[in-house]
Amino acid sequence: MISVTGFDNEIYAMQIQTTEQVCEIFKISRSTLYRLSKNDPAFPQPLHFGRAIRWNLADICEFYAQQRHASQKRA
């Protein structure tokens, strides 16, 4: 089982994850992950290796960190 206690990009730099792994780490559904990648231009796009789809974990961590920072500024 993969768990994340914080979004430390140094730890996760260049880690390429499957869709299932990303969903488990961030506790989101597969449809939510694909909806984010389709509808939010700031969300990192998947990497395609033939038919395989992978995600750069550091990019997704950075996206969530920016979202958290933006929501804290609004509060």
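The residue that is nearest to Q15 (Cα to Cα), among those in region 27-55 that are aliphatic (A, V, I, L, M) and surrounded by fewer than 12 Cβ atoms within 10 Å (Cβ to Cβ), is A52.
Pairs meeting the criteria (first residue in region 14-35 and more than 12 Å from L47 (Cβ to Cβ), second residue part of a loop (DSSP other than H, G, I, E, B) and at pLDDT below 95, beta carbons under 7 Å, at least 6 apart or on different chains) are Q21/I2; E24/I2; I25/I2; I25/V4.
Considering region 8-73, the qualifying helices (runs of 4 or more DSSP H), each wholly inside and each with 2 or more residues that are modelled with pLDDT of 95 or more, run over 19-26, 30-39.
The values are calculated or read from the model by the stated rules, or taken from the named source; none is laboratory data. Just so we're clear, the structure is a prediction, and the values are computed from it rather than from any experiment. Using ideal geometry, Cβ is built from the backbone for each residue, glycine included, and neighbour counts are taken over all protein chains shown.
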